[in-house]
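The values are calculated or read from the model by the stated rules, or taken from the named source; none is laboratory data. Quick caveat, the model's predicted, so the values are computed rather than measured. With ideal geometry, Cβ positions are generated from the backbone for all residues, glycine too; neighbour counts draw on all protein chains shown.
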Amino acid sequence: MDTSSITPTPQQLRALTHPQRLRMLGILRTEGPTTATALATRLGLNTGATSYHLRQLAQHGFIVDDEGRGNGRERWWRAAHASTRTDFEILTEPEDQEALDAYLQTVVVVYTQMLQQMVEERATLSDEWRNASTLSDWRCRLAPEQATRLIERVSAIIEEFEAEEELPEDDASGVPYTIMFHGFPRPGGPAGGTS
């Protein structure tokens, strides 16, 4: 898989509003190609449902056949892009905003489950990895342009670090590491409902 990203259309966003699809796409992006059977086992689903979700992801351009694998009976899938980016500014129609909101709701569900799993598995980590993890939040008072600048800076730092510092696959000290970055006006605060 290359390092490209996809900026989905509203129709494509609708295809990602199912948590299992988002999980499948995440697994294909982080762990590489696999089959519907392997994904079904991993996610506790039946293979029929898994195959349906994979076909939906393929129909909308998120995954493709991994033609270098399989034997005719087994279909292997791989992610078509390394990441999904959303462009809030181009979604101006109410139905497009609804598609974006439904997608974001699904993202929050998947992130919440991942955070819960991380906390549950924390006791099994070495001290070194427990100390290299954080669940932190900061509260700042920012204007929209400052918040946008902050998001851009943090994103750039992560992307630069990923490009320059990534460990080789054969370095046993490295593991897949997740960075979640959320920034938003405090819910229920004065920014709610204003534009």
Tally up the residues in region 21-37 that are surrounded by fewer than 17 Cβ atoms within 10 Å (Cβ to Cβ), at negative phi and not β-branched (V, I, T), please. 2
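Look at E145 and say whether it is at pLDDT 95 or above and either exposed (fewer than 11 other Cβ atoms within 10 Å of the Cβ) or not in a helix (DSSP H, G or I) (or both). Walk me through it before giving the result.
Numbers: at pLDDT 95 or above: yes; either exposed (fewer than 11 other Cβ atoms within 10 Å of the Cβ) or not in a helix (DSSP H, G or I) (or both): yes.
It is true that E145 is at pLDDT 95 or above and either exposed (fewer than 11 other Cβ atoms within 10 Å of the Cβ) or not in a helix (DSSP H, G or I) (or both).
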Any residue that is more than 25 Å from L22 (Cα to Cα) and of a type in the set (A, V, I, L, M, F, W, C) - is there at least one of those in region 162-181? yes
Could you say whether any residue in region 122-141 is more than 20 Å from F181 (Cβ to Cβ), touching a Pro at 6+ places or on another chain (Cβ under 6 Å) and either at pLDDT 90 or above or not basic (K, R) (or both)? no
Output the residues belonging to region 87-124 that are part of a loop (DSSP other than H, G, I, E, B) and touching a Ser or Thr at 6+ places or on another chain (Cβ under 7 Å). D87
Within region 84-107, count every residue that is surrounded by 11 or more Cβ atoms within 10 Å (Cβ to Cβ), under 17 Å from the mean Cα position of the chain (by Cα) and more than 14 Å from A15 (Cβ to Cβ). 3
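R141: free of Cβ contacts under 8 Å to residues at least 12 places away in the same chain, over 19 Å from T84 (Cα atoms), out of contact with any strand residue (DSSP E or B) (no Cβ under 7 Å at 6 or more places or on another chain) and of a type outside the set (V, I, T), yes or no?
On the way: free of Cβ contacts under 8 Å to residues at least 12 places away in the same chain: yes; over 19 Å from T84 (Cα atoms): yes; out of contact with any strand residue (DSSP E or B) (no Cβ under 7 Å at 6 or more places or on another chain): yes; of a type outside the set (V, I, T): yes.
So R141 passes the test.
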Which members of region 160-183 meet the condition of being surrounded by fewer than 10 Cβ atoms within 10 Å (Cβ to Cβ) and assigned to a helix (DSSP H, G or I)? A163, E164, E165
Among (1) more than 19 Å from the chain's Cα centre (by Cα); (2) surrounded by 15 or more Cβ atoms within 10 Å (Cβ to Cβ); (3) not in a loop (DSSP other than H, G, I, E, B), L45 falls short only on (3)
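If you take the residues in region 52-83 that are touching a residue at least 12 places away in the same chain (Cβ under 8 Å) and part of a helix (DSSP H, G or I), which one is surrounded by the fewest Cβ atoms within 10 Å (Cβ to Cβ)?
Q59
Can you tell me which of R73, R29, R55 is among the charged types (D, E, K, R) and under 12 Å from the mean Cα position of the chain (by Cα)? Quick ask: steps written out before the conclusion?
On the way: R73 fails: under 12 Å from the mean Cα position of the chain (by Cα); R55 fails: under 12 Å from the mean Cα position of the chain (by Cα).
Matching residue, one of R73, R29, R55: R29.
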